[in-house]
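Data block below; observations after.
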């Protein structure tokens, strides 16, 4: 399973690792159950992948993505640092993220979860009342 571990680590893709090692995912599962050292290596691999995903979410949060910020502060941070170290914060926006949200709100932005199209007439009335 050395080829599998090497390929999985390099690519981050279990299917590619299985192809390179000429094994199936079922073989990998069975090896995890029967070979403790391989199971430990897979467990470490899983942790690395989890951290890579957490880091990707953190990167989008730093760039100002409000969804990533919410996910980061409500879920990801506690996974990385533990529950006791997680801050009691609902959401933190960068200045650019806050500005974007304010501009969208002022331009008649509608929450996509509402699934209602914005009213162009209402938007034009808002624009003319600000002038």
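Please treat every number below as a calculation from the coordinates, not as lab data. Everything quoted here is computed from the prediction, not taken from an experiment. Note that each Cβ is placed from the backbone with ideal geometry, even for glycine, and that neighbours are counted across all protein chains shown.
Need one word for segment 13-59: rounded, prolate or oblate. Basis is the Cα gyration tensor (sqrt eigenvalues a ≥ b ≥ c); a/c below 1.5 gives rounded, then a/b vs b/c decides.
The shape class here is oblate.
Label-to-label distance, residue 3 versus residue 74, with points set 7 angstrom from Cα along the beta-carbon direction: 4.5 nm. For the pair residue 37 and residue 50, the difference between a 0.36 nm per residue extended length and the Cα-Cα distance amounts to 2.7 nm.
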